[in-house]
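These notes are about the structure you will find just below.
A short reminder: the numbers here are calculations on the coordinates, not readings from a lab. Bear in mind that the values here come from a model prediction, so they are computed numbers and not experimental data. Glycine also receives a Cβ, built like all others from the backbone with ideal geometry; neighbour counts cover every protein chain displayed.
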């Protein structure tokens, strides 16, 4: 009888993730940021269907026109007569893609590297982290410029270049966390239960790392977007007619006095996105930090 | 009776990196230094000592969680200290541990059933889902948890309940030896009694052998058949429970017993005793000869010159003191 | 007869707490950590406060010295030497805290700064509260370290906290708390984290210092043995309320509240342990978020009667100075 009773009235637990989610929902700033970011992402993805113009379509009659509803260029046009609305969204697509892909690259390398170094420890840890230190010492911009000079401007190169630098931070953070987790009693308990090392890493270490990793990811994406913008601003980023927010800001800044809209719209989108990521990151950090309860 | 566990001259030393940039000298921390004891099936041995005396390291050494420097450990007639890591892991189904901090010893991201079932997944991987759940619920009931709480997370339980989860995890494989590392010292007074009673019941039911580690002599007195007192990695006294409390021979044991406050103002206020002075010496740099001599009220010159040997003063009553 | 605060012809108690209520605003609702608490501490008296986790004993301490978390709220009255502390400005309370009221905590590192020498931290207190110059402040500090039996105080005062052992650090903290010769010393589990032999040293030291300086002590602990050795009066707390209060001998000889009784019987005692099975209180400590409308102890109490579920028991004086909050006491 006990068995049936037990089975019929099993109480659902509330996991730490659910708890964190509840706390995040209560955080107005983070929630707004999520909504705004979702909207921007949707716009960016749906860009081709939102406007009758192509991102590289040149309208010779309307060069550097101000935003107007009548001619359909709601953000105006740039100095060669391309529709800025569609270019802004197209640029956003590129910026977000760089942000997400480069972060994913750094995530995969960083977690593997950091968790391995942290869990195994000792000499292995020493060697692995010294490699990280050496890579840290490389002048990043110089490295990128060299790459560009050797291989020509190539968007994939940018992904790799940024990702290859960013995983260093991730590896350090993950290693530090792993070191503390490794000494937690529940890991020792798992060892005492006879659980094997790879299983301990997968089942106990990584799930407990995820919280901090998620926060870090939301803070890395905007950082990467900024780096890309900076590269584009220097003229090292994406190649025409492709564009990104950084490249658009660069173009817009050149004739800021005569056509301020060409600067303001992409800059506004860029700033809003960065804001959102940072707010979400902050909100997540508060939500995932159990000490804040 | 057969001996379930025999520990013979066990040594666990750690190398501590020395100071100094050039040619740092490594120091050796003798956490456990020549401990020997044995344990019958169904018997409880209490291990008592202050923090830093090596009692937790001893427990971890027996389980193979820290490398053993010397000596041997026999579990059910098999030598453990020199097994490979893989072989050792297999033996863990016969010996399990309950930790001091109930919440910290449970993975916060796992449900109760996942936690308790973890040893089952390792040692009985072919068990069906239903049977596994059945086993988990059975053991939960045994330790006094409601089986319908199976899907909850550790942070939703109080300290006492978390400790019950920890005990359930340790017992689900039906081990022969249970090591309890200060299982009640982090709990509230009213909960301590519950857990002590639970452990005593279970031990009798399952004919478990238990190593019960604590700093509290009164808790140890409640639960143990025999007691061993440790100081700086060495055994100072070991005997049956009644013998130890009736006739403590080592000055350190006497000091420990005297230092425990008794919850009765009439007794407590009329107690005449001089508490042990000073602190535990650094285990990195233990005193010469008898390690207790720096705090011992009866220390003499011979104590500094020579470490006392373990002597059997009466049957089964071992003491290491020159004056016992 | 309900308990009436001491009348005018008696001298004013050192500390008088009336209907104190401490609540916290949390995401899961209002939490009452301390509820309707009234008691007083006389000059030179030691009040022992016993309770387990969730009893509100630590929040009571923080309430008295006005160090609640930012979401905490204080209601009622706390009069210290006739001065009302509730609602006092932070600046004024700072003049009392550390000066007239000393504090010691379970973990000495909560009030010692690891980056400053002991000398620096001790002299700072004296220079701030008593306006001494550095030389005399240091001299006084060394005297105080001598009083708590720190060997070689003169040289060790220039060391950092981490260079002391756990027991020694506790002594340093006690010395710091006593620097300004406070009238009240609040000790929150001062010996819990220590080894038994060191605990015995610290308790002995506190008894000795009380005789020397004559201050009152509020001793918070869960260890009934410590309580038996040091207190004059004992207050047992459960679920944020007082469930029993009595002079120490009376409480141990004649415990009336089922919780007190259960607590006393569930401690393994060195003089009796092992011969009998421990009595244990079933269930778990109360969750302050979900306190029942009636007695907080009701679901763990074996003597419960129907009224326990419905109404909060009143704290009644059943004999002089012995107060109990239990419905059983109200039965004819």
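Compared with the alpha-carbon gap, the fully stretched path from residue C:128 to residue C:111 is longer by 4.5 nm at 0.36 nm per residue. Relative contact order of chain C, taken over Cα pairs closer than 8 Å and 6 or more residues apart, is 21 percent. Relative to the dominant Cα principal axis of chain B, helix B:129-142 is inclined by about 50°. On the basis of the beta-carbon distance and an R0 of 60 Å, residue A:179 and residue A:70 show a calculated FRET efficiency of 0.45. Taking the 0 to 90 degree range and rounding to the nearest ten, how far is the long axis of helix B:159-171 tilted relative to the main principal axis of chain B, both from C-alpha atoms? That works out to roughly 80 degrees. Comparing mean-square fluctuations of B:30, B:91, B:152 from a GNM of chain B with C-alpha springs under 10 Å, the top value falls on B:152. Pick from B:112, B:219, B:66: which residue has the top mean-square fluctuation in a GNM of chain B where Cα pairs under 10 Å get a spring? Most flexible of the set in this elastic network: B:66. Inter-part distance, region C:232-281 to region B:55-84, computed on C-alpha centroids, equals 42 Å.
Quick check on chain B: take the gyration tensor over C-alpha atoms, sort the square-rooted eigenvalues as a ≥ b ≥ c, and tell me if it's rounded (a/c under 1.5), prolate or oblate.
Details: a/c = 1.84, a/b = 1.46, b/c = 1.26.
Prolate is the answer for chain B, as a/c is 1.5 or above and a/b outweighs b/c.
When Rg and Dmax are taken over the Cα atoms of region C:154-255, they come to 15.2, 50 Å. The angle separating the long axis of helix B:189-206 from the principal Cα axis of greatest extent in chain B is about 70 degrees. All distinct Cα pairs of region A:147-270 go into the 1/r average, and the inverse of that average, the Kirkwood radius, is 17.6 Å. Take the protein assembly as shown, drop everything but the C-alpha atoms, weight them equally and run the Debye formula without solvent; then report log10 I(q)/I(0) at 0.06, 0.09 Å⁻¹ to two decimals. Result of the Debye calculation: -0.57, -1.12.
With N denoting the number of residues in chain A, provide Rg(C-alpha) divided by 2.2 N^0.38 Å, to two decimal places. Working shown, then result.
On the way: Rg = 23.7 Å, N = 293, 2.2 N^0.38 = 19.0 Å.
Computed over Cα atoms of chain A, the ratio equals 1.25.
Quick one: compute a quarter of the convex hull surface over the Cα atoms of region C:1-123 and quote it in nm². Before the final figure, lay out the partial values.
On the way: hull surface 41.4 nm².
Result: 10.4 nm².
Above 20 Å, the calculated P(r) of region C:46-192 contains 51 percent of its Cα-Cα pairs.
Under the criterion of Cα pairs below 8 Å and six or more residues apart, the relative contact order for region A:145-293 equals 23 percent. Our summary gives chain B a relative contact order of 20 percent, counting only alpha carbon pairs under 8 angstrom and 6 or more residues apart.
Based on the Cβ-Cβ distance of residue C:146 and residue A:126, what FRET efficiency does E = 1/(1 + (r/R0)^6) give at R0 = 35 Å, to the nearest 0.05? List each step's numbers first, then the result.
Values: r = 47 Å, r/R0 = 1.36.
It comes out at approximately 0.15.
Across all directions of projection, what mean area in square nanometres is found for the Cα convex hull of region B:151-294? Answer in nm², one decimal: 11.7.
Adding -39500 (n - 2.57) for every DSSP H run of four residues or longer, then dividing by how many residues chain C holds, sets the calculated 222 nm ellipticity at -9000 deg cm²/dmol.
Quick one: plug the Kirkwood hydrodynamic radius of region A:31-104 (C-alpha pairs) into Stokes-Einstein at 20 °C, 1.002 mPa s, and report D in µm²/s. Each step should come with its number before you reach the end.
Details: Rh = 13.2 Å.
Stokes-Einstein gives a translational diffusion coefficient of 163 µm²/s.
Going 7 Å from the Cα of residue C:25 toward and past its Cβ, which residues in region C:70-106 have a backbone nitrogen under 16 Å from where you end up? So the set is C:70-75. Within the listed set A:162, A:173, A:131, the Gaussian network model of chain A (springs between alpha-carbon atoms below 10 Å) gives the highest mean-square fluctuation for A:131. Residues of region B:244-271 falling in the label zone of residue C:271, defined by backbone nitrogen less than 16 Å from a point 7 Å along Cα to beta-carbon, are B:246, B:257-271. May I ask you to list the residues of region A:226-266 whose amide nitrogen lies under 19 Å from a point 7 Å from Cα along the Cα→beta-carbon direction of residue A:35? Counting backbone N atoms under 19 Å from the label point, the list is empty. Inter-part distance, region B:140-184 to region C:141-169, computed on C-alpha centroids, equals 43 Å.
Calculated FRET efficiency, residue B:15 to residue C:303, Cβ-Cβ distance, R0 = 51 Å: about 0.30 to the nearest 0.05.
Compute the Rg/Rh shape ratio of chain C: radius of gyration over Kirkwood radius, all on alpha-carbon atoms. Present the calculation step by step, with values, prior to reporting the outcome.
Values: Rg = 20.7 Å, Rh = 21.1 Å.
Rounded to two decimals, Rg over Rh is 0.98.
Between region A:174-188 and region A:224-293, the alpha-carbon centres lie 36 Å apart.
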